[in-house]
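Structure first, commentary second.
Read-outs throughout are calculated quantities, based only on the coordinates presented, and are distinct from any laboratory measurement. Predicted, not measured: the structure shown is a model, and the values here were computed from it. When we count neighbours, we look across all protein chains shown, and the Cβ atoms used for this are built from the backbone with ideal geometry, even at glycine.
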Amino acid sequence: MGVFPREIDGQLEPIRVPIKGATSLQSLTRVGWKCGNVWRRKEAALCFVIRKTSPQAFPDYWPTALAWQAGAQLSGLQVILPEYLRKRFVQAALSYIGCNSEGEFVCKNNDCWCQCSSKFPECNCPYMDLKALEENLMQLKETWTASNKEFEDSEEFKLFMKRLPTFYALNISAVQHLWKMDLNLQHRYKQLETSTSQLLSKAQRIINRLFSLSKRCRMQPEITVLKERSVNYWWRYIQSILYCSENNHIGTFSEVTKSCSCPYDQLNCQGVIPCTVGDGSFCASCSYDNRTRCGNCNPGYMLSQGICKPEVPDSTEHYIGFETDLQDLELKYLLQKRDSRIAVHAIFISNDMRLNNWFDPSWRKRMLLTLKSNKYKSNLVHMLLGMSMQICLTKNSTLEPVLSVYINPFGGSHSESWYMPINQNSYPDWERTKMDIPLDCFNWTLTLGNKWKTFFETVHIYLRSRIRSPGFHANSSVYYEPLEFLDPARNLGYMKINNVQVFGYSMHFDPEAIQDLILQLDYPYTQGSQDSALQQLLEIRDRVNRLSPPGQQQLDLFSCLLRHRLKLSTSEVMRILNDLQTFNTKLPNSVEYETTKLCT
């Protein structure tokens with residue numbers, strides 16, 4: 001509530017009060033009888049000097065004021081009034097000036113307003129000022145619309161639209177790239193940004209004033225907020241002009257659905273939307289006869305009714321077989337019975353021992369089973385499902401056989417074999433079964449089944465022995481190598497192997513047909529036959545390498561197949577692998593393909 005000014009150190013304290021119709025915090029201050037730029041009210045010796053006052057002049061009141069900008073200084077007859085009249089005089093003056101005598105001027109909680117009388121319930125609402133601000137805001141909106149329309153009708157924008165390609169659909173990225181390449185259009189757009197930014201700033205100031213002045217109005221003003229049109233808006237608008245502007249109406253283009261949303265009063269605004277050109281399942285090019293359909297497809301895809309679908313490779317069974325009709329339980333039963341239907345005849349070779357003969361196992365013994373497919377069975381490859389050995393020991397022998405197995409998949413030297421990780425990383429272990437004969441003989445059986453089956457041409461078996469002795473704890477054993485035993489004169493016993501058998505099945509293999517596929521890489525029969533050949537070779541490569549043993553990376557068994565069954569040179573194998581890798585990167589959802597080299 002305003003009070004009469006008090007004298008402090010010989011100076012009168014200012015009286016600060018809002019004035020009706022002004023737009024910032026006001027100041028009523030006694031300045032003496034002399035008034036300049038005087039506004040006199042009736043016959044009273046009360047004058048108001050109107051001058052500009054900055055908000056910083058009243059830091060205590062400004063945060064809660066009504067955002068007014070003009071100021072006034074009060075001087076007059078109240079200086080000679082009796083003290084008991086001064087407060088009433090100031091209150092009446094504030095209500096007269098601030099509320100136009102339509103209410104009582106009130107200040108509370110750092111805020112001041114007019115407590116309207118019953119005759120003037122809207123004394124706090126300056127309708128004329130609000131209407132003027134609304135009209136100013138409407139004019140700014142019209143100017144803003146005109147600026148955007150002027151940009152759209154500019155020569156730079158029209159020339160840009162004219163140069164856009166129409167023989168394939170443009171996505172946002174393509175429009176963005178072409179936009180950034182046009183320097184003249186960029187310069188013209190900068191001008192639009194500058195002008196609209198100024199308009200938006202003015203509009204925001206007007207909106208703030210509208211909110212402030214209408215704070216205590218019963219009816220709030222209608223405010224239209226201008227929304228800035230970013231460059232992304234123009235890129236999407238360009239798409240809409242290209243594909244959704246039939247019948248002189250512009251709709252909204254959706255890149256996801258490749259369709260248009262037309263204005264409610266227009267049934268159809270959608271024009272011709274060309275096919276999308278890109279990698280993977282997108283078109284390689286659009287059809288000349290119908291731009292909405294694909295004309296060509298990317299590698300790994302085939303054209304079907306105007307769209308590109310993933311190309312399904314032809315069956316590889318014509319080139320190489322992989323599968324068997326036997327299930328795991330059937331295989332396990334047949335292996336336990338050592339059924340001849342899954343026995344693969346192999347040639348036993350060893351310079352260290354002979355079958356059914358006793359030998360001294362102190363030193364490592366090497367033996368192998370080979371099929372010699374290149375010589376006798378060139379049209380077959382072989383799958384290993386398991387193996388068995390019958391090992392006998394002399395009575396009371398403390399020897400323990402230890403077997404190491406290496407698999408050579410398609411021939412070549414022993415160095416091109418991989419070690420079988422028996423009883424490691426969930427890989428199968430040998431199962432030993434005591435035979436019902438007088439000798440101390442056991443059947444050793446290793447069952448791979450469908451899960452761990454693999455290609456094999458030669459199986460290398462290394463037999464060494466260790467000595468089993470009682471351990472330091474009950475039911476425990478300690479093993480020693482024979483040569484490490486301290487008593488070399490002690491008889492360690494003898495050992496013999498009665499039988500070694502591999503189990504699996506043979507599959508069809510046509511090296512000439514695969515050679516024909518490889519020739520198509522350099523000399524395709526027809527358009528697209530090269531991609532088809534690559535697709536089939538890729539399928540063969542993946543299926544062959546998938547039969548690798550467990551490890552961080554698959555072994556490159558496919559290279560071994562090319563080297564030893566097709567007799568290709570190392571350089572030819574490398575060229576084929578590079579062609580397949582390049583083709584694989586172009587396929588959808590392709591991943592980097594890495595293998596461990598096995599064959600040289």
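When the Cα positions of LEU399, TYR494, SER426 are compared along the charge dipole of the stretch 328-508, TYR494 comes out farthest toward the positive end, with charges on each C-beta of Lys, Arg, Asp and Glu.
If I stretch the segment between LYS337 and TYR288 completely, what's the gain in nm (0.36 nm per residue apart, minus their alpha carbon distance), one decimal? It would help to have the intermediate numbers written out before the result.
Details: separation 49, 0.36 × 49 = 17.64 nm, distance 6.70 nm.
Going from the current span to full extension adds 10.9 nm.
In this simple spin-label model, placing a label point 7 Å from the Cα along the Cα-to-Cβ direction at both THR596 and TRP363 gives a separation of 3.1 nm.
Based on the Cα coordinates of the stretch 127-261, what is the per residue volume of their convex hull in Å³? If you can, show how the numbers build up before the last one.
Numbers: hull volume 19.0 nm³, N = 135.
Each residue corresponds to 141 Å³ of Cα convex hull volume.
Between ASN148 and SER350, the simple spin-label model (points 7 angstrom out along Cα→Cβ) gives 9.0 nm.
Between GLN305 and LYS108, what length comes free when the chain is fully extended (0.36 nm per residue of separation minus the Cα-Cα distance, one decimal in nm)? Let's see the in-between values first.
On the way: separation 197, 0.36 × 197 = 70.92 nm, distance 7.80 nm.
Answer, rounded to one decimal: 63.1 nm.
Sorting the segments 556-569, 241-254 by their residues' average number of neighbouring beta-carbon atoms within 10 angstrom, most packed first, yields 556-569, 241-254. Relative protection proxy for 145-157, 359-371, from highest mean packing down: 359-371, 145-157 (other beta-carbon atoms within 10 angstrom). Placing R0 at 51 angstrom, the Cβ-Cβ distance between ASP516 and SER254 gives a FRET efficiency of 0.60 after rounding to 0.05.
In terms of its C-alpha gyration tensor, the stretch 511-596 has an oblate overall shape, because the principal axis ratio a/c (a ≥ b ≥ c, square roots of the eigenvalues) is not below 1.5 and a/b does not outweigh b/c.
When all alpha carbon pairs of the stretch 351-423 are counted in 5 Å bins from zero, the resulting P(r) reads 3, 10, 20, 21, 18, 14, 8, 4, 2, 0 %. Using R0 = 35 Å, the C-beta based FRET efficiency linking ASN268 and SER201 works out to 0.30. On the basis of the beta-carbon distance and an R0 of 45 Å, GLN327 and LYS180 show a calculated FRET efficiency of 0.15. With a/c under 1.5 counting as rounded, go ahead and sort the stretch 88-206 into rounded, prolate or oblate using the C-alpha gyration tensor (a ≥ b ≥ c being the square roots of the eigenvalues; past the cut-off, prolate if a/b is larger than b/c, else oblate). Prolate is the answer for the stretch 88-206, as a/c is 1.5 or above and a/b outweighs b/c.
Working from label points 7 Å from Cα in the Cα-to-Cβ sense, the CYS217 to ASN374 distance is 9.7 nm.
In what sequence, highest mean first, do 161-173, 267-279 appear when ranked by Cβ atoms within 10 angstrom?
267-279, 161-173
Using 0.36 nm per residue and subtracting the Cα-Cα separation, the extra length available between ILE172 and GLU572 on full extension is 139.6 nm.
Principal axis analysis of the Cα atoms in the stretch 328-508 yields extents of 54, 35, 34 Å, listed in decreasing size.
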